[in-house]
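See below for the structure under consideration.
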Amino acid sequence: MILGFLASHGGSAARFLTAACRDGRLNAVPVALASNNSGSPALAWAREAGLRTAHLSRAKYPDPDALDAAILAFLQDAGVDTLVLSGYMKALGPRVLSAYAGRVLNIHPSLLPRHGGRGMYGDRVHEAVLASGDTESGATVHLVTAGIDEGPVLAQVRVPVLPGDTVATLKARVQATEGELLLQALRGLA
């Protein structure tokens, strides 16, 4: 498995999975990371880690089709066969979705289909979980399709919502499960 990543900010999933590849927990080779954010800490980290990197955004490619083509060319030139979204905050275009159908994974910080879809990311998800009165939350790894957070679920982990939880405490417990959940999903996909 040859892994590529798309990240908008810190790229914690990319970091975790790259470490897992390098210490033998995942039989895969991380090769590339692109970001839509030129100041993304993930880009700096990926360069230092020896991954091929690129800044690919609407700023460089105002036409959505041209951006989609540039992302696809970057991934294919790097030899990527499996793509992981590591906090990537943009929808993928039809070229990338078609070329990597069934091989694009995303992690979402809730038990999809609850608290998913457009506008549901980061702290907004945990706020929605707490506001709903749910007694549990968790994380979901799913295949990415054209519909936001609508792809088939590959793996889920449940995390209790505790009395007195805040967005920060719930977020910390959910995030603590995400790396291993991604690892499990990628092993299942291999």
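The values are calculated or read from the model by the stated rules, or taken from the named source; none is laboratory data. Predicted model only: the values in this text are computed from it and were never measured. Neighbour counts run over all protein chains shown; Cβ positions are idealised from the backbone, glycine included. The area values use the complete protein model at the heavy-atom level, side chains included, leaving out ligands, DNA and RNA. Shrake-Rupley method; radii C 1.70, N 1.55, O 1.52, S 1.80 Å.
Annotations for the structure displayed:
- Scoring residue 142 on the criteria (1) touching a residue at least 24 places away in the same chain (Cβ under 8 Å); (2) over 20 Å from residue 93 (Cα atoms) leaves a single failure, condition (2).
- Members of region 138-157 found to be open to solvent by 10 Å² or more (accessible area, probe 1.4 Å) and among the aliphatic types (A, V, I, L, M), listed by number: 143, 144, 146, 148, 153, 154, 157
- Region 68-93: number of residues that are assigned to a loop (DSSP other than H, G, I, E, B) and more than 16 Å from residue 189 (Cβ to Cβ): 9
- Within region 80-105, residues that are open to solvent by less than 10 Å² (accessible area, probe 1.4 Å) have Cβ atoms under 6 Å from residues that are at pLDDT 95 or above and among the hydroxyl-bearing types (Ser, Thr, Tyr) in these pairs: 83/100, counting only partners at least 6 apart in sequence or on another chain.
- Test result for residue 7, closer than 24 Å to residue 147 by Cβ, touching an Asp or Glu at 6+ places or on another chain (Cβ under 9 Å), open to solvent by less than 20 Å² (accessible area, probe 1.4 Å) and of a type outside the set (S, T, N, Q): no
- Checking each residue in region 150-170 for being touching a Gly at 6+ places or on another chain (Cβ under 8 Å) and assigned to a strand (DSSP E or B) picks out 154, 155, 156, 157, 158, 159.
- Residues of region 114-137 that are open to solvent by 60 Å² or more (accessible area, probe 1.4 Å) and in contact (Cβ under 8 Å) with a residue 40 or more places away in the chain: 123, 127.
- Residue within region 48-67 that is without any contact (Cβ under 8 Å) to a residue 60 or more places away in the chain, in contact with a Lys or Arg (Cβ under 7 Å, 6 or more places away or on another chain), β-branched (Val, Ile, Thr) and not in a helix (DSSP H, G or I) present: yes
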